[in-house]
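Every number in this text was worked out from the coordinates using simple rules, so none of it is lab data. Everything numeric in this text was worked out from a predicted model, so none of it was measured. Every residue, glycine among them, receives a Cβ derived from its backbone with ideal geometry; neighbour counts consider all protein chains shown.
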Amino acid sequence: MTRKEQQILELLEDDSRITPEKIAVMLDMKQEEVEAKIAKWEEQKIIVKYNTIVNWEKLGYDSVTAMIEVKITPQRDAGYDTIAERIYRYPEVQAVMLMSGGYDLSVLIEGTSLRAVANFVSEKLATIDGVVSTGTHFVLKKYKMGGVILNGKSDDDQRLVITP
Amino acid sequence: MTTLTEWEQRVSPTVRNMPPSGIRKYFDMAAEMKGVISLGVGEPDFVTPWNIREACIYSLEQGKTMYTSNHGMLELREAISGLYKEETGLSYDPRSEIVITVGVSEALDLAMRAILEPGDEVIIPEPCYVSYQACVTLAKGVPVPVYTKLENEFRLTPQELEAAITPRTKALILSYPCNPTGAIMTKADLEAIAEIVAKHDLLVISDEIYDKLTYEGTHTCFASLPGMRDRTILLNGFSKAYAMTGWRVGYACGNKAFIDAMVKIHQYTMLCAPITAQTAALEALRNGKSAMEDMVKQYDQRRRLMLHGFREMGLDCFEPRGAFYIFPNISKTGLTEEQFTEELIKEARVAVVPGTAFGESGRGHVRVSYAASVKNLSEALDRIGKFVAKRLR
């Protein structure tokens, strides 16, 4: 990976709507070259997805997010991966990560209500073969998601407006 | 001649006669309006990297609040000495050939007061930073401007330099990469200047505050050229490379005679640079490199965006290869640089600085700073483009 290729990906990661034309100008490259690299990375799943972070709360949609600590006994021949897959196949599951420390899997799920989340945990998650225990923590407030501050103070430029 | 008030009459004539700042008017205009995108800022839009701020906070928690030696913290001077040894091969003895100052601003003032006698001439290539003329004047010297030209990409030529030298010329101020033009001088360019400097036995003050913000080739430190070390007072700091403008810490390196003279003044006027700022600067040198390189990379991307943008508008713009300024020629709009600046603020709500604020040779140009987010730069280019399109002839 050349430094320019890394910069293309960094620019896209920061703002997925940046045009290949603009990237080409900023990195002193040809537009076709930038487009070709992006297409190749999409195919190779190096660029996995272009995301948009929406602050649904501002629209009045209240969803419930929970972080669940899952302790599991690893399966013969498959370790943690098989159980992780059974969990992450559920669409309500946003994230699954294998963790060091006092529990094994961290599962982030989003549901329409407290009851929906509680039902998911008790009916679908806790019943999986190999799951020993679950600890459910409900998210009370989101401050920063995906590297973006949600409701923080505005990013106003605090510098003096003109300086030599 | 306007009548002076009783109190104005008591102000030193030297100070009274100094011209007012060319940017104040636009500052006041822009400060009153809402939604102005300011591209008139001479400081980074980045905040000082966290590890540097944290080192300062920790030092305060530890109670480090006392004076340092006049020369500045020894560890910081040693780090600077090591840096120059590694990057340029130059050897400065940290004990006697380096002084930590309150920004490069103070170092410049000290250098002037240390070497100038009344009537000594100092050659100042323009367009240049607003302080040079003022510091020479305040030290009772005579500033001698040299107008660098667009066709030379605002580099100082040996012919221009030689033409300005008189029997009273004491020193030359070099400042590359340059504020406001974004111009750089290559090694070959500087060697040609060094030849004239040696021939006429001049001193050189080299303000290299933007050295790390060089986007083509590597920066050449003037003092590292053969024969230049002892006659050069090298000024540098942390404000631009590490986004530490408000901390007020910089340094000067030079032979012992000059540094001794500068410390003599400094010990009475400032005593020492702030200990918190010096601590932070040390952290910047030790652990700030990757953050600095990341900022430089972003400036470079923005630089290309701005150059492309101005050229697309049909304006003449040479490619700036240093600092974070671009200096387009706006004469095709039929406006003067002052009219352009004023109308741009009022109509398009974008603030820039007229080239004449930096000297006569800035006529027909405006200085546009790209120390702003890509989002703001794109929006500003869009607004400027519409403004220019209406007026192009």
By its C-alpha gyration tensor, with a ≥ b ≥ c as the square roots of the eigenvalues, how is the stretch A:32-164 shaped: rounded for a/c under 1.5, else prolate for a/b larger than b/c, else oblate? oblate
Return A:122, B:224, B:206 ranked ascending by Cβ neighbour count within 10 Å, so the fewest neighbours appear first. A:122, B:224, B:206
Once R0 is set to 35 Å, what does the formula 1/(1 + (r/R0)^6) return for the Cβ-Cβ distance between residue A:33 and residue A:119, expressed as a FRET efficiency to the nearest 0.05? 0.10
How far apart, in nm, are the 7 Å Cα→Cβ label points at residue B:195 and residue B:34? 6.0
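How much space per residue, in cubic angstrom, does the convex hull of the C-alpha atoms of the stretch B:152-192 take up?
Working: hull volume 3.3 nm³, N = 41.
Output value, Cα hull per residue: 80 Å³.
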Rounded to the nearest whole Å³, what is the per residue volume of the convex hull around the Cα atoms of the protein assembly as shown? 217
Taking 0.36 nm per residue of sequence separation and subtracting the Cα-Cα distance, how much length would be gained by fully extending the chain between residue B:54 and residue B:343, in nm to one decimal? 99.7 nm
R0 of 22 Å, Cβ-Cβ distance residue A:132-residue A:94: FRET efficiency to nearest 0.05: 0.45
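Among A:52, B:218, A:134, rank each residue by its count of other Cβ atoms within 10 Å, from fewest to most, as a rough exposure measure.
Values: A:52 7, B:218 10, A:134 18.
Taking fewest neighbouring Cβ atoms as first place, the list is A:52, B:218, A:134.
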Quick note on B:66, A:145, A:67, ordering by fewest other C-beta atoms within 10 Å, gives B:66, A:145, A:67
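I'd like the chymotrypsin sites (Phe, Trp or Tyr not before Pro) in the stretch A:78-146 restricted to DSSP loop residues with at most 11 other Cβ atoms within 10 Å, sorted by number. Intermediate results must be reported in sequence, preceding the final value.
Working: sites: A:80, A:88, A:103, A:120, A:138, A:143; in loops: A:80, A:103, A:143.
For chymotrypsin sites (Phe, Trp or Tyr not before Pro) across the stretch A:78-146 that sit outside H, G, I, E and B with at most 11 neighbouring Cβ atoms in 10 Å, the list reads A:143.
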Considering every residue in B:20-31, what mean count of other chain Cβ atoms within 10 Å of its Cβ is obtained? 2
Extend 7 Å from the Cα of residue B:17 along its Cα-to-C-beta direction; within the stretch B:131-148, residues with backbone N under 19 Å of that point are B:132-145
Report the normalised scattering of the stretch B:163-223 as log10 I(q)/I(0) at q = 0.24, 0.30 Å⁻¹, calculated by the Debye formula with identical scatterers on the alpha carbons. -1.03, -1.35
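Averaged across the residues of B:295-302, what count of C-beta atoms belonging to other chains lies within 10 Å of each residue's C-beta?
Mean partner-chain Cβ count within 10 Å for B:295-302: 3.
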How much length is gained on full extension from residue B:93 to residue B:311, taking 0.36 nm per residue of separation minus their Cα-Cα distance? 73.8 nm
I'm checking a number: the convex hull volume of the Cα atoms of the stretch B:1-70, normalised per residue, in Å³. What is it? 253
Averaged over the residues of B:247-257, the number of partner chain Cβ atoms within 10 Å of each residue's own Cβ comes to 0
How high is the relative contact order of the stretch A:1-136, in percent, with contacts defined as C-alpha pairs under 8 Å that are six or more residues apart? 22
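Using a Förster radius of 51 Å, what is the FRET efficiency between residue B:363 and residue A:141 based on their Cβ-Cβ separation? Nearest 0.05, please.
Values: r = 56 Å, r/R0 = 1.10.
After rounding to 0.05, the efficiency reads 0.35.
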For the stretch B:142-217, run through the trypsin sites (Lys or Arg not before Pro) and keep only the ones in DSSP coil with at most 16 other Cβ atoms within 10 Å of their Cβ. B:149, B:168
Can you give me the distance in nm between label points at residue B:64 and residue A:53, each placed 7 Å from the Cα along the Cα-to-Cβ direction? 3.4
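Please label the shape of chain B as rounded, prolate or oblate, based on the square roots a ≥ b ≥ c of the eigenvalues of the alpha-carbon gyration tensor (a/c under 1.5 means rounded; beyond that, a/b larger than b/c means prolate, else oblate). Don't jump to the answer; show the numbers that get you there.
Numbers: a/c = 1.45, a/b = 1.26, b/c = 1.15.
Rounded shape, in that the Cα axes give a/c under 1.5.
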Averaging sequence separations of C-alpha pairs under 8 Å and six or more residues apart, then dividing by the length of the stretch A:58-164, give the relative contact order as a whole percent. 34
Determine the shape class of the stretch B:1-144: with a ≥ b ≥ c the square roots of the Cα gyration tensor eigenvalues, call it rounded for a/c under 1.5, and otherwise prolate if a/b is greater than b/c, oblate otherwise. oblate
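Which whole-number percent gives the relative contact order of chain B, counting Cα pairs below 8 Å spaced six or more residues apart? Intermediate results must be reported in sequence, preceding the final value.
Values: 738 pairs, mean separation 94.3, N = 393.
That works out to 24 percent.
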Identify the residues of the stretch B:128-160 with backbone N under 16 Å of a label point that sits 7 angstrom from the Cα of residue B:166 along the Cα-to-Cβ direction, or state none. B:137, B:140-147
